[in-house]
Each structure stands twice: as C-alpha cells, then as structure tokens.
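Data first, discussion second: the structure below is written as structure tokens.
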Protein chains: 2
Amino acid sequence: MQIELINTGTELMRGDVLNTDHQWLCRQLADAGYTVARQVAVDDGAAHIQEAAREALGRADIVITSGGLGPTSDDLTRDAIADLLGRRLIEDASVRARIDAWFAARNRPQPPATRIQAMVPEGAIVIPNTHGTAPGLRMRCGHGSIADSTVAADKWLIMLPGPPRELQPMFLEGVLPWLKAAFPPPGPTVCRILRSTGLGESVIQEMVGEPLSKLGGGGLEVGYCARPGEVDVRLTACGAAAEALVADAETVVRGQLGDHVFGVGGEVLEQVVVRLLTNRRRTVAAAESCTGGRLSSRITDVPGASDVFVGGAVTYSNDLKQRMLGVRSETLAAHGAVSEAAAREMAEGARARLGADYALATTGIAGPSGGTETKPVGTVFIAMAGPDRTLVRHEWNRFDRETFKRVTTQQALDLLRRELL
Amino acid sequence: MQIELINTGTELMRGDVLNTDHQWLCRQLADAGYTVARQVAVDDGAAHIQEAAREALGRADIVITSGGLGPTSDDLTRDAIADLLGRRLIEDASVRARIDAWFAARNRPQPPATRIQAMVPEGAIVIPNTHGTAPGLRMRCGHGSIADSTVAADKWLIMLPGPPRELQPMFLEGVLPWLKAAFPPPGPTVCRILRSTGLGESVIQEMVGEPLSKLGGGGLEVGYCARPGEVDVRLTACGAAAEALVADAETVVRGQLGDHVFGVGGEVLEQVVVRLLTNRRRTVAAAESCTGGRLSSRITDVPGASDVFVGGAVTYSNDLKQRMLGVRSETLAAHGAVSEAAAREMAEGARARLGADYALATTGIAGPSGGTETKPVGTVFIAMAGPDRTLVRHEWNRFDRETFKRVTTQQALDLLRRELL
C-alpha cells in the first residue's frame, strides 16, 4: 500500500515557513507501521495542486494533502480537488453550524468568508476540526465517479488543513483510526533509532558498520542522520525475525558506542536529563552567558521540568555575573569572563545561590563578533557543579549563532547526564 | 525557467527530522527572483532517487538535489544519479586532497570511507565544500551524453550535501553566482511580506482584502500565512509596474492594520525589539516563570543583543521569585504566583535588581498539568515595567507547551515594542 503526501502553500515554495506538517505526518505514519513513498510541495495555484494530485493518485493508494482549506482567497485546495474529481461543492449544514458556534463561543466577530469552509465536495466525508473552523475531507476516488480518466482505481484522497494545531488532532482522531481499520499496516516493521552525542557520523559508521553487516544475512537496514551535536543510528528490519534482528543490532551499537548513546526514538537529551534527575530526586539550576537562556528553555520544554528545575540566571554582563552568581571581580580581571575559572565560579555560584543539587554554566563567544586572537568566535567553557565535584569542558564550537547555542547546550546537558549515570 | 528541488533522506520520510534545506533553498531562490515550481522528498533508495530525478528533469530546466553525498552506506545520491545519466565515477585528486587535509587540520582520525566522497561522475563540475568533506556536483544533462532517453534537453542537475552547515555556504558561494550568470532571473518580480501580530488571519483578510482588490487591475497577488502569534500578508507583483503596485498595496495594508504590522520580510519580532532598544539606547531584562528562559533566548538569538540585554532570571519556584526578584510573600499568598500582582512585582523587581530600563515578566500555566478551575491551563500574565509605567496583559494561551511558550513570548515582546514606538 502506497501513501504520498502533498503539502500546498506558496509560503512553502517561497521558503517563508518550514514544512512541519511533512515531518509530523511522516512520523505518525511511520510509528503506525506505514511508509510514505513520496512527499511533494507545490504553491497555492489550482493547476499545480491538481497536477500534483493527479500524479500522486496515479501512483499511490492514499494521498494526503495539507493546506488550502481555510477562509482566505489563496485557499484553493478544496475547489481544485473538487474540480479535478468532477464533484460539485455543496454547503454542509452541520459544518456551517460548527463554524458559527466556534466564533460565538469565543465571542469573536465572524467574517462572512469563514462560511466558505462549509462548502464540501459531493460525496466527501467530513472530518471534524476540533481546533479551528476548516473541516478535513476524505474522498473515495475511482468507481467511475471521477472526471479525470487518469484516476481510475479505488483510491482515497484525504484533505487536511495546514495549521499544525488543527491538522494534528484531526489526523490522530479522524484519520489514523480509519486508516488502521481500512488498511491495516503491512507486516511487522521494526525500526529503532539510537541517539548519540559526542561522536561524528563517519566515526560512528566505522565503529558499527562492520559488526552490523555481519548480522542476520542482510535483512537489516542501517541509516545514519547527523544533526548539530548528535547523530542518530537507525536500525530497521521487516518480517517475522525483525524484532530479534533489531534487538541484536541495538546490542552491537550500544556495545560499540557505550554511553555516547543517550536515548532511543524521539527522545531528546533534555528529556533524558529531566528523567534522570526525577528518578534520583535531584534538582538543577542554570547559569548562562553565551547561550542566553536557551539551556533553561530546553530544560523547561520538558513537561514536569518544574519538579527538578529550580531556575536560572542569564548573566550577559560582568556586573550581573558578580551580583547574581557571585563570580569574583579578581577572576574576571585575571582570566576574563570567557575562561575556565569564570565558568567554574558561575556554576558553583548558581548551585549555592539558586539552591540546587547541580548547576550548569556556559560562557563563551557565540559570534558573529566578539572574537579575539586568543579567544576566537566559538570558544566556550561549560561547567557542571555537583555535590561531589565541579567539571569544566573547553570546546571550540565555531558555528553560526543558532548552531552554537544548540551545540553548546547539548554539551552542557551531556555533561550533567554523564555525571548522573 | 523552471527549478525543482529533490530532498533525499529516509530520515525525512520517517519524520525523524525537519526538511530545513527545502525552506532555506526556496528562500534564497525567491530572494534572487526565481520561483521553485515543485519540491519532492524521497527516501535514500537509489530507485526512488532516480525516479524523482528522471521526472524532475522531464519538467524542469534546473534540478537541485540535497542529501546522499556523505561517506556512509546510505549516501546513494551520487551513485544513483551517475547511473541514471550513464556516467562513470572517477576519483578526483583535488577533492581527495581536500578531504585528507580537512581531517589533518582538525587532528581527527580519518575513516577510509570518507574517501568515497572524492568519487565524481565523469564530466561533473566539482563545487568545493568549505564546511565539510562531501563536494557538491554540477552536471549538464542532454547533448546526447545521457543514457536515459527521457532526459533529452539541455538541463542542469546540481547535487548538494544534506547538512545545512555545508549546503548553505556551498549554495551561496558555488551555485547562486553561476545560476544568476547562466540563467538571469526573469523580469522584475517584487514580493513584500508584511508581518503582523495580534489579529487573526480571516480578520486581516476582511480588513485588507477588499481595498487590495481595487488596486492595479488584478496584477497583485495577495497571500496570507498564519503561525502561532503572527500572520504574514504577502504582496507579489510582476512586470514594469510591480514596484509601484506593491508599494501602494503596502500602504493599504499598513493603513488598515496600523501598528499590528511589526516588520517586513524575514524580520522577526525579537529583531525589531532589539533594533528599537539599540536606536533608543535603552536596555531590557527578563523575568520568566512559565516561559522558562525562552524569552531571554529569543532576545539573545539576535546578533548584537548584548548591547541592550542585561540579563534574565528564570524563577520557576516561589522561593526564587522572592529571592531573585523581590516578589513579596504576601502577594504570593494572597494572589498566587500566577496573578497580575505577581507579574507586576516580577517585572518591577527585575528592572530594579538587574538594572535595566525595561523589564518583561511572564507567569502562567503552560500545561499540560497544573491548571485549576479558576486558573486553567493557558492562563498567563505578561508584565512590562518601564521608566514611565508598568503594564500587565492577561492572556488565555490554551495551546500545547511549545506553542504556549512561543505565543506568550511573542505577546511579551509585542508589549515592549508598542511601549517603545
């Protein structure tokens, strides 16, 4: 069974926004045991949407579109698809009532254009939108009801709204249960992603590639995916022996990479750290200069972080490093704010003053400006103060500002993870 | 002239990562005056890569691929394309020397597999990689040198590595200058994006759609793009009168939306706030509870933020709200930490204690847990303390945790922006 995605939106083709719907839908489908064969994005032009839908319906059994169902003049997917499939648009009274109620419940003025969203192609099944006004639509194609002769077989076209807040609950509540019932996932496919930090992609392949190739007679698919501060090793197998094969492969990878492996699946490093702290009933504080709050923000992205995270100090100025964290003026004068000594005092000061079992500190030069001969852009000191000891790492994260923050907070979280293990 | 993109990677089709290359490339091409007609993503399978490339070369003049040029076993783009176009792979001595030098300069061990990246399809032009080891490749198709007869015309296929840190400088230095010279952008296309906050998408269309439709005899294309906490209005026109038409349209939109418009183009709200503070020689501090450092982090994402941002306090616990910010225990006892009074004292305390001209504070219930009958999940108070006054906004941001942080920090930044205007 083939599934293809079509994401519509001129903003996607002009690069104004990231296509998060693509990732999210693929993740959900993969987790449920389905494979997405292809994803296509086109702009809001009706002809482009129709061409992409015609081609996808020519190949795939199920085509899922996102975008173009809203109330504004560039929302053309519903009309374009109805036209392609030769269906009339008819106002659906229950959808119209829901739209009117949505505005009434929020005491907001209702622009008349919002009622366009109640127009439904003949024969389409409405998928309710619990977080917005545009309903989703599910249409059976084929069976002689299609104007376009290239869509001949019995296929399904599913239209979802573009905003992730609307698309996601609609897919989980109104599409996935139907899909699993109508098209049970193909045989057991087992996929495990082992997430690692601290080693490069080709070094990892050199460590695990050879031993993995000796497993299971070629039925194992191995993939590598590198991102700033982490590399995923993806292990996939199909068939009856899939679970055992992937388990053997996981043992090999963990044996080779040791505690560079920090998690499995979609787990991120901040979740692992919060879980370790929760299990050990320990707390953490953050003292940030160059990462500017990103470390605190990553930790507090984890639901339940309030049980283990007491708080943080973002101290950009030397003055605040002294007043909020107790860094000594002699230290700053002798070594500068970007130094091993300053990082150590920031972490120990945060631990004592904010009242936590552990504290992490970052001080460095994110760039693009501020570098010197002896401390170039990318220089960073990362400290971890705990009940037993204080450790300081010196790193050279010569990246753009965003990647610098990402990699530096990754290294800080990993320093604490290793201390907690 | 048609351009299409092909992004390869099983991690994209399993939803393990976001396709940031798609957005970035489209943005660069749009800014240079080009339109991307279609973007396709497929997994790392050689047959899928070849099928997508064959189809794209059948439609487009220029096809750009990303991904699959690295050293690991799932990097198949180079081989698959060489096979499709009937070209042999030959080791390029200069590329091999660069790869060896890259590892030597960083004093890292060099796995032998890295040298696979020096294999270049016959006739391909090498595009140097200044941030990694896999070179890009530019190949002229057609002219009878193609094995596959479906690729008949004179077209170009450009292969770029997947990692954004490598792809981005390579495209800017090694592809875009050539593209502009070989295929000058079509006539003047003017596109302006006006970014707004505080109004919904359909309300905005109701305000601006009618007056915009009266401009310039239909030559204006208007698009709307809603994201958490902001809506873009995109104005596009082609031809000789494009600049004047878009300028008129901008005047209409600004007239209707007033200071809901906060910026133009790719400018984000934190950049606008940092610029206003810089111009007025004012400083800001942050006091965060529910946003957990995100507000400080967004401000410090802006290069040069250190001139206007003194620092921040992330105070999750009541204890730290009192000790770091001076919130009174009577206030917390009488009103709770999530209250207008607590937000006010957090902002005023941060302003005084951290020593800034302005301070922003957030206190609320991000969820998923922690809500009560009177203060449900999503309840948030946002305060701005300045030299003249303190303002507190009460909002109901009932979203997932990530969207909550995004929308709440957006509202906080907007509160300061309006005070600075």
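How far, in nm to one decimal, is B:A333 from itself in the other copies if the label point is set 7 angstrom along Cα toward Cβ? Shortest first, please.
4.5
Taking the inverse of the average 1/r across all pairs of different Cα atoms in region A:3-182, what Kirkwood radius in Å do you get?
16.4
Taking amide H positions as placed in the peptide plane 1.01 Å from N, state which residues far from A:T65 in sequence (5 or more) or on other chains have amide H under 5 Å from it.
Residues meeting the criterion, in which the H sits 1.01 Å from N, are A:I6, A:I158, A:M159, A:L160.
Report, as an integer, the average count of C-beta atoms from other chains found within 10 Å of each Cβ along B:343-350.
0
Kindly put A:K321, B:K155, A:K375 in sequence by how many other C-beta atoms sit within 10 Å of each C-beta, fewest to most.
Taking fewest neighbouring Cβ atoms as first place, the list is A:K375, B:K155, A:K321.
What does the copy distance list look like for A:D61, label position 7 Å along Cα→Cβ, in nm and ordered from shortest?
4.1
Check A:A313: other-chain or 5+ apart residues with amide H under 5 Å from its amide H, H built from backbone geometry?
The answer is A:A286, A:A287, A:E288, B:V314.
Over region A:189-264, how many percent of alpha carbon pairs lie in each 10 Å bin up to the one with the longest distance?
In whole percents, the pair-distance histogram is 21, 57, 21, 1.
Find, among the residues of chain A, the one whose Cβ sits nearest the axis of the rotation taking A to B; state the distance in whole Å.
Chain A residue with minimal Cβ-axis distance: A:G293, 2.
Jot down the radius of gyration and Dmax of chain B, Cα atoms only, both in angstrom.
Using the Cα atoms of chain B, the pair Rg, Dmax is 26.5, 84 Å.
Would you mind computing, in nm to one decimal, how far apart the modelled labels at B:E340 and A:A333 are, each placed 7 Å from Cα along Cα→Cβ?
Those two pseudo-labels are separated by 4.9 nm.
Below 12 Å, Cα to Cα, which aspartates and glutamates can A:K155 reach? Residues fewer than 8 away in the same chain don't count.
Output for A:K155: A:E4, A:D61.
Quick check: the distance between the Cα centres of region B:329-401 and region B:198-263, to the nearest angstrom?
34
Who wins for biggest fluctuation among B:A334, B:A134, B:A347 in a Gaussian network model of chain B, springs between alpha carbons below 10 Å?
B:A334
Given the options A:I49, A:I125, A:I193, state which has the largest fluctuation in a GNM of chain A using a 10 Å cut-off (strictly under) for Cα springs.
For chain A, modelled as a Gaussian network with Cα springs under 10 Å, the answer is A:I125.
How many Cβ atoms of partner chains, on average, are near each residue of A:223-234 if near means within 10 Å of its Cβ?
5
Given A:L18, A:L212, B:A343, which one lies farthest toward the positive end of the charge dipole of the protein assembly as shown, if we put +1 on the Cβ of every Lys and Arg and -1 on the Cβ of every Asp and Glu?
My answer, from the dipole projection, is B:A343.
For the protein assembly as shown, give the share of DSSP beta bridges that are antiparallel, in percent and rounded to the nearest 5; count only bridges with both residues there.
Around 65 percent antiparallel, to the nearest 5.
Looking only at region B:358-395, which residues have a backbone nitrogen under 18 Å from a spot 7 Å from the Cα of B:N318 in the C-beta direction?
Counting backbone N atoms under 18 Å from the label point, the list is B:363-366, B:370-376, B:381.
Can you flag which of A:K321/B:K321; A:K321/A:K405; B:K321/B:K405; A:K180/B:K405; B:K180/B:K214 are past 24 Å Cα-Cα?
As for pairs spanning more than 24 Å Cα to Cα, those are A:K180/B:K405; B:K180/B:K214.
Would you mind telling me which residue in B:T189, B:T236, B:T72 has the biggest mean-square fluctuation in a Gaussian network model of chain B, where springs connect alpha carbons within a distance under 10 angstrom?
Fluctuation is largest for B:T72.
Put a point 7 Å out from Cα along the line to Cβ at B:I90; what are the distances to that point in the other copies, in nm, shortest first?
6.7
Any idea what Rg and Dmax come out to for the protein assembly as shown if you just take the C-alpha atoms, in Å?
27.4, 84
Can you pull the mean other chain C-beta count within 10 Å for peptide A:39-46?
That works out to 5 on average.
Sequence gap at least 6, Cα distance under 8 Å: using those rules, report the relative contact order of region A:189-264 to the nearest whole percent.
47
State, as an integer percentage, the relative contact order of region B:3-182 based on alpha-carbon contacts under 8 Å between residues 6 or more apart.
That works out to 22 percent.
With both bridge residues required to lie in chain A, what share of the DSSP beta bridges run antiparallel, to the nearest 5%?
60
Given a Förster radius of 35 Å and the C-beta distance between A:W178 and B:T374 as r, what FRET efficiency does 1/(1 + (r/R0)^6) yield to the nearest 0.05?
According to the calculation, E is roughly 0.35.
For a footprinting-style exposure proxy, rank A:F103, A:F404 by other Cβ within 10 Å, fewest first.
A:F103, A:F404
List the relative contact order of chain B as a percent without decimals, with contacts defined as Cα pairs under 8 Å and 6+ residues apart.
Over chain B, the number comes to 10 percent.
For A:K155, which sequence-distant residues (separation of 5 or more, or a different chain) have an amide H within less than 5 Å of its own amide H, given hydrogens modelled in the peptide plane?
A:C141, A:G142
Can you sort B:C191, B:C290, B:C238 by how many other beta carbons sit within 10 Å, fewest first?
Going from least to most buried by this count: B:C238, B:C191, B:C290.
Average the reciprocal distances over every distinct pair of alpha-carbons in region A:269-420, invert the result, and give the Kirkwood radius in Å.
About 14.9 Å for region A:269-420.
Readers should treat all values here as calculations from the given coordinates under stated rules, not as data from a laboratory. As the structure is a prediction and not an experimental result, all values here were calculated from the model. Cβ atoms come from the backbone with ideal geometry, glycine included; neighbour counts cover every protein chain shown.
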